[in-house]
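Below: the structure, in structure tokens.
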Amino acid sequence: MRYTVLLLILLTTYSYGQTPCVNGSAAGYPCQGYDLQSMIPFTDMGASNTNDSWGWTDPLDGKEYVLVGLDNGTGFIDISEPTSPIYLGKLPTATGSSVARDIKTYSNTAYVVSDNNGSHGMQVFDLTRLRNVTNPPEIFTMDAHYTNFQNAHNLAINEETGFAYALRTDTFGGGIHFIDLQDPLNPVAAGGFSGVYTHDAQIVNYNGPDSDYAGREILLSFNGYDQDVWIVDVTDKSNPQAITNFNYSSNEHAHQGWFTDDQRYLIMGDEADELSFGFNTRTIIFDLTDLDNPIESFQFFGNTSASDHNGYTLGDTFYLANYAAGMRVMDISDIENGNMTETGYFDVFPSNNTSGFNGAWTVYPYFESGNIVISSLGGGGGFFLVKESDLSVDQNELNNLVSIYPNPTTHYLNLELDENLILSSVNFYDITGRLVKEVQSYDTIDLSNLQSGIFLIEIDTDQGIVTKKILKE
């Protein structure tokens, strides 16, 4: 006996805030493999532009928040309902507007620096205050103001040690300014490192392949127009030690980089090489098996000429903010053999894919939910939230025993099971994973209260659960 279930879908207009990537587009944004969860233009946050961004997850309830750098302050967005984010308000800049602002977090506290040449210093904001916003958007005040430097282009924090590193400040010759965050709302100056003109940095408690530095606090300094990279041991804040510095081919602006999870490889971008040399997007990979002797391993070239900006690794994936080409996603599982493969993208700047400085400034891929933040500079920019498309192909042979058709559909679906399966229940989920319909009977099912777009159908049988994607065109 075969089961046939007619699922009637009466569909309403699909909201702009939640749009699947279908046929290479989501709400007019070119895409592959990533759906648009929501978008808030910077104009809706009372700003004229967007720059950096970061994330914070409240340990109390697991709610996720985005911290967005604006030209005139820092915006806070509640994304606990990712398709209906709430702009909670803004912490205004401490000085004038700036094209570059950077935000990082430690111990439920946000730290904000600005490249404005005034006396901005570092703003300190208690993120737990976001729990109690009742009438958004609010104008927030800072909880503390660190003024031992005036301006900084970037900020890096080692959350394992509780130290912040302000970069390209007016102190230490444009080098690295150390700050002790052990008392999060009362930061204390802790020294610095000069001799470099640092643009950005990553700091880790080192557990990589070079046993000479096991357990040390290691800083990678990307030195912008000095065109090189330094590796510095900052374990002793009163006496930081340079390990080595190194260059690379066709260097122009050593911008930013990130270790792979095993701390063997450094994946780095040069922000200006595409403009200067006419490359397609170039990413340089270094083998840091020996921290004293870095080796340029190989180069990876993208599919467009767009300039690269900030990139981050998570497991076997590298997420790159690729300015006009948007977010580009690479598989780095075979990096040891000199291989990277682009597996998807979401282009937040559809006008073009040329070199220059409009489009994706940064990505934040570290939320447990899988939601990814893209902050975008220039016309049409702002806050974007995307998520990998869930094709929901089941992981076992049951998939071949269950079929649904037509898919894509316009009005209804037929569900057929092999005669050896017994159907228990059918549940529907939206693409955020939220249960929208729990079905106990298998007559015609009315889904008229749901929006159109992508749904996941979970089919529970006596031999296991099969999950498939339903797409309404």
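The values are calculated or read from the model by the stated rules, or taken from the named source; none is laboratory data. A quick note: this is a predicted structure, and the numbers were derived from the prediction, not measured. Note that each Cβ is placed from the backbone with ideal geometry, even for glycine, and that neighbours are counted across all protein chains shown. For accessibility, only protein heavy atoms count, side chains too; no ligands or nucleic acids. Shrake-Rupley method; radii C 1.70, N 1.55, O 1.52, S 1.80 Å.
Listing for the model above:
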quantity: Failed criterion for GLY378 (all others in (1) modelled with pLDDT under 90; (2) within 30 Å of THR74 (Cβ to Cβ); (3) surrounded by 14 or more Cβ atoms within 10 Å (Cβ to Cβ) hold); calculated: (1)
quantity: Within region 82-98, considering residues that are part of a loop (DSSP other than H, G, I, E, B) and free of Cβ contacts under 8 Å to residues at least 60 places away in the same chain, the one surrounded by the fewest Cβ atoms within 10 Å (Cβ to Cβ); calculated: GLY96
quantity: Pair list, Cβ under 6 Å, 6 or more apart: region 359-380 residue closer than 16 Å to PHE318 by Cα and in contact (Cβ under 8 Å) with a residue 40 or more places away in the chain, other residue assigned to a loop (DSSP other than H, G, I, E, B) and among the β-branched types (Val, Ile, Thr); calculated: ALA360/VAL348; ILE374/VAL348
quantity: Test: residue in region 292-309 that is open to solvent by less than 30 Å² (accessible area, probe 1.4 Å), in contact with a Leu (Cβ under 7 Å, 6 or more places away or on another chain) and closer than 27 Å to CYS21 by Cβ; calculated: yes
quantity: Condition met for THR317 (open to solvent by 30 Å² or more (accessible area, probe 1.4 Å), of a type in the set (S, T, N, Q) and closer than 15 Å to ILE267 by Cβ); calculated: yes
quantity: Residue check, ILE454 in contact with a Gly (Cβ under 8 Å, 6 or more places away or on another chain), under 18 Å from GLN18 (Cβ atoms) and either modelled with pLDDT of 75 or more or open to solvent by less than 50 Å² (accessible area, probe 1.4 Å) (or both); calculated: no
quantity: Matching residues in region 165-220 - criterion: being closer than 16 Å to ASP292 by Cα, part of a loop (DSSP other than H, G, I, E, B) and either of a type in the set (Val, Ile, Thr) or touching a residue at least 40 places away in the same chain (Cβ under 8 Å) (or both); calculated: TYR206, ASN207, GLY208, PRO209, ASP210
quantity: Unique residue being modelled with pLDDT of 95 or more, open to solvent by less than 20 Å² (accessible area, probe 1.4 Å) and in contact with a helix residue (DSSP H, G or I) (Cβ under 7 Å, 6 or more places away or on another chain) when the list is TYR165, TYR206, TYR146; calculated: TYR206
quantity: Total residues in region 228-259, condition in a loop (DSSP other than H, G, I, E, B) and open to solvent by 10 Å² or more (accessible area, probe 1.4 Å); calculated: 13
quantity: Qualifying residues in region 17-51 (those that are among the hydroxyl-bearing types (Ser, Thr, Tyr) and within 27 Å of PRO92 (Cβ to Cβ)) - the one surrounded by the most Cβ atoms within 10 Å (Cβ to Cβ); calculated: THR50
quantity: Residue count for region 246-259, restricted to those that are out of contact with any Gly (no Cβ under 9 Å at 6 or more places or on another chain) and touching a residue at least 24 places away in the same chain (Cβ under 8 Å); calculated: 6
